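The values are calculated or read from the model by the stated rules, or taken from the named source; none is laboratory data. No experiment lies behind these values; they were computed from the predicted model shown. In this analysis, Cβ positions are derived from the backbone assuming ideal geometry, glycine residues included, and neighbour counts consider all displayed protein chains.
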Amino acid sequence: MNRATRFRFTVRAIEQLPPCPADAPGKGYEVSDTEVSGLRVSVSKASGRKTFWLRYTFKGTKRAMRLGEFPATPLADARRLALEARGQLDRGIDPQEGRDLERGSPTLSNFAKDYLEGYAKVHKRSWRDDQSKLDLHIIPFFGGERRLCDLQRRDIERFIGAVRKTHSPATANRFLSLLSAMMRRGVTLGLLPDNPCRGIPRFREGSGKSRYLSLDEVGRLVVAMEKDPAPSVVAALRFMLLTGCRRSNALKARWEHMDLERRIWFMPMTKSGKPQYSPLSEECIVLLNRLKSRQVSAWVFPSPTDSTKPLRDPRKAFARVLAAAGIQGHVRLHDIRHTHAALAVSHAGQTLFTVQKLLHHASPQTTMIYSHMANSTLARASQAVSDVIARASQAAREGGEVSVVSGAAAP
């Protein structure tokens, strides 16, 4: 029996469509609507189930989009959905893009592994911090089996708000930065249509308070270091004080990068991601020559328990020498670096520009005209700070006070 395959759909006409004959080839047959281009109804064998479809071509590829089953999906709704999809096609958008993303969306747990292995470990030296945030906070909060595409802005705002209740504004912002970086990667890989973190306001962070040790405190600290029962660990602290270097650079220092004859320390990897050179003062050379690690380890400051590994964390030793020196208040390990800079400016008479170069601080005011700055200037700056520290520690041994004149240490 012949039947029309193209006609204007009506509810009555669709209801009267017969089931596909059991002996017919294929799983069923289709009829097309003459009112909305591409709108079809497929009729299955035996049960005669009728389903609305939209057939279209996108970038040369033929596709079919399921709109719903009749009569649960009324004809009017099917036409509306088909026209909305046609409108997306006119704007160059595949109407099934969202569905495709959902079908291919990984779980948060699996995507976190991909982010760490494929991106963070390759591009970030701080990837362990990311892993800790994911394992201890993000995945437990959202659930590892939750699909990446299901994370909405309101979910992320709720998580960041929960973090802020127990952590500082800066920490909450770091969590937001990590989530945003992950979502951007999801967009890049075609797993997300956009970044749900975009536009979420960050918490205002305080300027932070840096603790600068006074000249008297520096002298007492050096004396306490000299008397500490763990000289190899305390040596790393004194090295940081003498050079103003970051803790990570000091603990990863290797003998192969120390040129004691030329008094230069080469750092192949720094916070900026670029190799840098740092001058070594006479006090630094004396300190390094006294270290026994040179004969037993590749690390300048090796672990006390395993010389094949670098010193991991000298904070306990730092707290011990602070207490021995009678230094009150909250003093962080990084404040050693701040103290070095403060001594260079206030007591060694160095300019801010010189200190920026000495500590390898990036500065927007640094221009190419200054790029030829002689290394000897940096060496003199480093030596001047060492001289100030040496005089302060000598005065502390003798029980006297350190007096200074403006811009320079007193003789």
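Being modelled with pLDDT of 95 or more and among the charged types (D, E, K, R) holds for only one residue in 226, 145, 157, 205, and it is 157. Scanning region 25-43 for residues that are hydroxyl-bearing (Ser, Thr, Tyr) and within 23 Å of residue 86 (Cβ to Cβ) yields 32, 34, 37, 42.
Could you check, for region 309-318, whether at least one of its residues is closer than 20 Å to residue 386 by Cα and either of a type in the set (S, T, N, Q) or surrounded by 15 or more Cβ atoms within 10 Å (Cβ to Cβ) (or both)? Can you show your working first?
Our first condition is that a residue be closer than 20 Å to residue 386 by Cα; within region 309-318, this holds for 318.
Filter once more, so that each one left must be either of a type in the set (S, T, N, Q) or surrounded by 15 or more Cβ atoms within 10 Å (Cβ to Cβ) (or both): 318.
Yes: region 309-318 contains one or more residues that are closer than 20 Å to residue 386 by Cα and either of a type in the set (S, T, N, Q) or surrounded by 15 or more Cβ atoms within 10 Å (Cβ to Cβ) (or both).
So the check is Cβ under 8 Å with 6+ separation or different chains; which pairs have a first residue in region 236-255 that's under 20 Å from residue 383 (Cα atoms) and a second one that's of a type in the set (Asp, Glu) and crowded, with 21+ Cβ neighbours inside 10 Å? If the second residue must be of a type in the set (Asp, Glu) and crowded, with 21+ Cβ neighbours inside 10 Å, the pairs left are 242/283. Among the conditions (1) more than 30 Å from the chain's Cα centre (by Cα); (2) within 28 Å of residue 216 (Cβ to Cβ); (3) assigned to a loop (DSSP other than H, G, I, E, B); (4) at pLDDT below 75, residue 361 misses just one, which is (1). Against the numbered list (1) surrounded by 13 or more Cβ atoms within 10 Å (Cβ to Cβ); (2) under 30 Å from residue 332 (Cα atoms), residue 182 comes up short only at (2). Checking each residue in region 93-117 for being modelled with pLDDT of 90 or more and of a type outside the set (Ser, Thr, Tyr) picks out 108, 110, 111, 112, 113, 114, 116, 117. Checking 223, 321 one by one, the residue that is β-branched (Val, Ile, Thr), surrounded by 14 or more Cβ atoms within 10 Å (Cβ to Cβ), touching an Asp or Glu at 6+ places or on another chain (Cβ under 8 Å) and closer than 23 Å to residue 397 by Cα is 321 and no other. Taking the listed residues 107, 5, the one that is surrounded by 13 or more Cβ atoms within 10 Å (Cβ to Cβ) and not hydrophobic (A, V, I, L, M, F, W, C) is 107, with no other qualifying.
So that you can scan it fast, the table gives a plain yes or no per residue for (1) outside the structural domain of residue 132 (by TED's automatic domain parsing); (2) more than 28 Å from residue 190 (Cβ to Cβ); (3) over 47 Å from the mean Cα position of the chain (by Cα):
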| site | (1), (2), (3) |
| --- | --- |
| 40 | yes, yes, yes |
| 43 | yes, yes, yes |
| 49 | yes, yes, yes |
| 55 | yes, no, no |
| 74 | yes, yes, yes |
| 80 | yes, yes, no |
| 84 | yes, no, no |
| 119 | no, no, no |
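Of all the criteria given as (1) out of contact with any Cys (no Cβ under 9 Å at 6 or more places or on another chain); (2) in a loop (DSSP other than H, G, I, E, B); (3) in contact (Cβ under 8 Å) with a residue 12 or more places away in the chain, the one not satisfied by residue 25 is (3).
Within region 168-176, not a single residue is touching a Pro at 6+ places or on another chain (Cβ under 9 Å) and surrounded by fewer than 16 Cβ atoms within 10 Å (Cβ to Cβ). Taking the conditions (1) surrounded by 14 or more Cβ atoms within 10 Å (Cβ to Cβ); (2) over 22 Å from residue 345 (Cα atoms); (3) in contact (Cβ under 8 Å) with a residue 40 or more places away in the chain; (4) among the hydrophobic types (A, V, I, L, M, F, W, C) in turn, residue 267 satisfies each one other than (3). Within region 303-337, if we keep just the residues that are basic (Lys, Arg) and within 31 Å of the chain's Cα centre (by Cα), the residue that is nearest to residue 228 (Cα to Cα) turns out to be 316.
Residue by residue through region 276-311, note down the ones that are of a type in the set (Lys, Arg), assigned to a loop (DSSP other than H, G, I, E, B) and in contact with a helix residue (DSSP H, G or I) (Cβ under 8 Å, 6 or more places away or on another chain).
Scanning region 276-311 gives a single hit, 292.
Just one residue in the set 144, 190 is at positive phi, outside any helix (DSSP H, G or I) and either without any contact (Cβ under 8 Å) to a residue 12 or more places away in the chain or of a type in the set (Gly, Ala, Ser) (or both); that residue is 190. Take residue 388 and tell me if it is surrounded by 14 or more Cβ atoms within 10 Å (Cβ to Cβ), modelled with pLDDT under 75, under 23 Å from residue 284 (Cα atoms) and of a type in the set (Val, Ile, Thr). No.
The single residue among 211, 238 that is part of a helix (DSSP H, G or I) and charged (D, E, K, R) turns out to be 238.
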